[in-house]
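I have placed the structure first, in the form of structure tokens, so that the comments after it can refer back to it.
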Amino acid sequence: MVYFFARILAYIILMPVFFVKVVHKENLRIHGGCVVICNHISNWDPIVLGHSVKTQPVCYMAKEELFRNRMANWFLRRLHAIPVARGKSDLKAVKTGLSALKSGKILGIFPEGHRSETGELLPFEPGAALMALRADVPVVPVYISGNYKPFRQVKLYTHPAIRLKDVVGEKTNSAAIEKATEYLKTVMLELEEQACQK
């Protein structure tokens with residue numbers, strides 16, 4: 001219920017201010033477990049991405065510090081957020097994320113790990129590839145283009161779902177995860193180039 005009202009509020013705020021447009025929105029008609037990856041340029045990104053996926057809620061992995069406040073903890077958990085310890089291996093968060101994916105949920109991940117100050121893509125962390133390979137679910141890359149200035153359009157460039165095992169094979173060892181991570185970065189760069197040409 002909280003997520004539903006948050007989506008309505010996001011629509012009321014986002015559409016008149018940022019004119020959000022999704023390119024190839026059919027790629028976001030997601031049913032079942034899926035990892036959605038996105039570049040990270042603003043705190044608006046998870047709101048815009050969650051608003052743009054209409055079929056079901058997007059669960060995000062958020063830094064555990066955000067959950068320390070009682071009210072924030074209540075709100076974030078009703079938005080299906082998963083707390084994660086940044087800068088170290090958090091097996092509990094990984095298991096929670098895998099469980100969510102295997103139960104048919106969408107997991108939103110910003111593989112750069114934090115916001116890019118310049119807008120240029122940062123190196124990708126392996127978490128998104130690891131999750132997708134271990135849960136055997138597809139990945140949908142999304143590139144957000146725009147600077148979130150009022151009354152300037154923000155566009156989401158989307159890519160069809162990718163089965164990483166079609167790229168790296170059935171193994172989920174470190175070499176496969178590294179190769180899959182580099183592949184996802186290449187796809188995101190292609191989306192960035194597409195955005196720059198418009």
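Values in this text are rule-based calculations from the coordinates and carry no lab data. All values derive from a computational prediction rather than experimental measurement. Neighbour counts are summed over all protein chains in view; Cβ atoms, including those assigned to glycine, are modelled from backbone coordinates with ideal geometry.
Residue ranges 183-191, 33-41 sort as 33-41, 183-191 when ordered by packing (mean number of other C-beta atoms within 10 Å per residue, highest first).
Which label belongs to the value computed from this structure, given these candidates for percent of Cα pairs over 21 Å apart: (i) 50; (ii) 55; (iii) 65? Computed from the coordinates, percent of Cα pairs over 21 Å apart corresponds to (i).
In terms of packing, defined here as the mean over residues of other Cβ atoms within 10 angstrom, the peptides 146-154, 133-141 line up highest first as 133-141, 146-154. Amide H to amide H distances under 5 Å link Val36 with Leu107, Gly108, Ile109, Val140, where only residues 5 or more positions off or on other chains count and H is placed in the peptide plane.
With q set to 0.12, 0.15, 0.21, 0.24 Å⁻¹, the log10 of I(q)/I(0) for region 30-108, from the Debye formula over equal scatterers at the Cα positions, is -0.33, -0.53, -1.05, -1.31. Within region 88-125, the GluC sites (Glu not before Pro) that combine a DSSP coil assignment with at most 13 other C-beta atoms in a 10 angstrom radius are Glu117, Glu120.
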